[in-house]
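Encoded as structure tokens, the structure appears first; notes follow it.
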């Protein structure tokens, strides 16, 4: 799911030498762009729920920021950084690359730094349930997406608006994620006794083989690989500005997976488990094992547990390649979950479908750093088209999807 931009923004972004660039920094609703000496590099990594903190170098020879000492209520006010281009009509066509709350001020004579925490950092201070009043979801079979929604809105204080206008949760990606989990028959129970919100979301990521992450608009996004992407960019040597770094490693290999299921919170026992082994991978590398036995969130039946186990041994049964390169700012609309069709004569790579793993945006140098991988050993990445009766992604005429 790419970032939504206008056709005007795209034409400027993809041009060789874009003109009329806008870099706008506002703090507490005041435009302070002229006070910024240097903008920070914005870095995001898939699965990073809260995002990073950023510091802006500012000039204070004008004593514009001395008021922060006399009026300290300005701390925790919002700072927003936008980037884009002016239009022929004189308006600004920009996207928000960062939003955060002012948490630290450092002034020295005529200069200073303003440190902003991502607005979702507040999730670190929130918890779900308590030992006296647990947040328990065991009375029915639940889609993990629903549990995440309830946790985020009931305990994390995020907006409950169930449409695209939600300011905290990207409702479109959440709805698509829920549909994918529904189609894969993923069902869980959960029980929280004061567990941190971030810990819960990180557990859900692992238990559903998903990614939950924040973006520049301060919303939480959701994605799960399911064999096709709605958006693909093409990246080749023409757009690469520096040396390409190619890494091949075995750290991510998993070829034996055990998923425990149906946990009894009163007796602290499991009803059963599912074990899956990628025999080809074991024969090549030996056993690399993972056990999914979290007692806060768990799969409730073998169908759900099997879905996770088979996905993991299929996707992560092989050594994984990671490619890093630098490009101009022509891919600002890329998001995690999008595909990258990569070509490079340097490594004899042609039409290689990769997944975005991490990116950095350096506004000062007008350079993006992209880190991409095969998706844990999937070779060519996602497939395109339709696969029928696949061992790892859905067999036909099973108890959970009978033909008739």
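Observations
- The alpha carbons of region 256-315 stretch over 42, 18, 15 Å along the principal axes, in descending order.
- Choice from 250, 369, 269 showing the highest fluctuation, given a GNM over the chain with Cα pairs closer than 10 Å: 269
- Contact order normalised by residue count of region 256-315, Cα under 8 Å, 6+ apart, percent: 47
- Ranked packing of 215-222, 181-188, most packed first, by mean Cβ within 10 Å: 215-222, 181-188
- For 285, 249, 292, order by how many other beta-carbon atoms lie within 10 Å, fewest first: 249, 285, 292
- When the chain is treated as a GNM with alpha-carbon contacts under 10 Å, the residue of 40, 328, 144 showing the greatest mean-square fluctuation is 40.
- Between the C-alpha center of region 38-98 and that of region 254-274 there is a gap of 46 Å.
- Spin-label pair residue 279-residue 244: with each label point 7 Å from Cα along the Cα-Cβ axis, the two points sit 3.7 nm from one another.
- Amide N of region 329-371 lying under 17 Å from the label point, which is placed 7 angstrom from the Cα of residue 172 along Cα→Cβ: 332-339
- Using 0.36 nm per residue and subtracting the Cα-Cα separation, the extra length available between residue 265 and residue 179 on full extension is 28.1 nm.
- Counting only alpha carbon atoms, the long axis of helix 302-315 and the longest principal axis of the chain meet at about 60°.
- Fewest-first ranking of 372, 13, using other Cβ atoms within 10 Å as the exposure measure: 13, 372
- Taking all pairs of distinct alpha-carbon atoms in region 63-142, Kirkwood radius in angstrom: 16.8
- When the helices of the chain are scored as -39500 (n - 2.57) per DSSP H run of n ≥ 4 and the total is divided over every residue, the value at 222 nm lands at -4500 deg cm²/dmol.
- Residue order, fewest to most beta carbons within 10 Å, for 149, 108, 174: 108, 149, 174
- Nearest-0.05 FRET efficiency for residue 22 and residue 346, computed from C-beta distance (R0 41 Å): 0.75
- Length-normalised contact order of the chain in % [C-alpha pairs under 8 Å, at least 6 apart]: 17
- Tail beyond 19 Å, pair distance distribution of region 7-120 (Cα, percent): 50
- Taking every C-alpha pair closer than 8 Å and separated by at least 6 residues, the mean separation divided by the residue count of region 36-171 gives a relative contact order of 20 percent.
- Candidate values (i) 23.3, 77; (ii) 22.1, 77; (iii) 31.8, 150 were compared with Rg and Dmax of the Cα atoms in Å computed on the shown model; the agreeing label is (i).
- For the chain, the longest principal axis of the Cα atoms and the long axis of helix 197-208 meet at an angle of about 50 degrees.
- Given their separation in residues at 0.36 nm each and the Cα-Cα distance between them, residue 161 and residue 126 gain 10.6 nm when the chain is fully extended.
- Region 229-336 gives an Rg/Rh value of 1.15, both radii derived from C-alpha positions and Rh following Kirkwood.
- Residue among 280, 204, 36 with the largest mean-square fluctuation in a Gaussian network model of the chain, springs linking Cα atoms under 10 Å: 280
- Computed from Cα positions, the angle between helix 171-183 and the longest principal axis of the chain comes to roughly 10 degrees.
Every read-out reported here was derived from the displayed coordinates using simple, explicitly stated rules and does not represent laboratory data. Since this is a predicted model, take the numbers as computed values, not measurements. Reconstructed Cβ throughout: ideal geometry from the backbone, glycine too, with neighbour counts over all protein chains shown.
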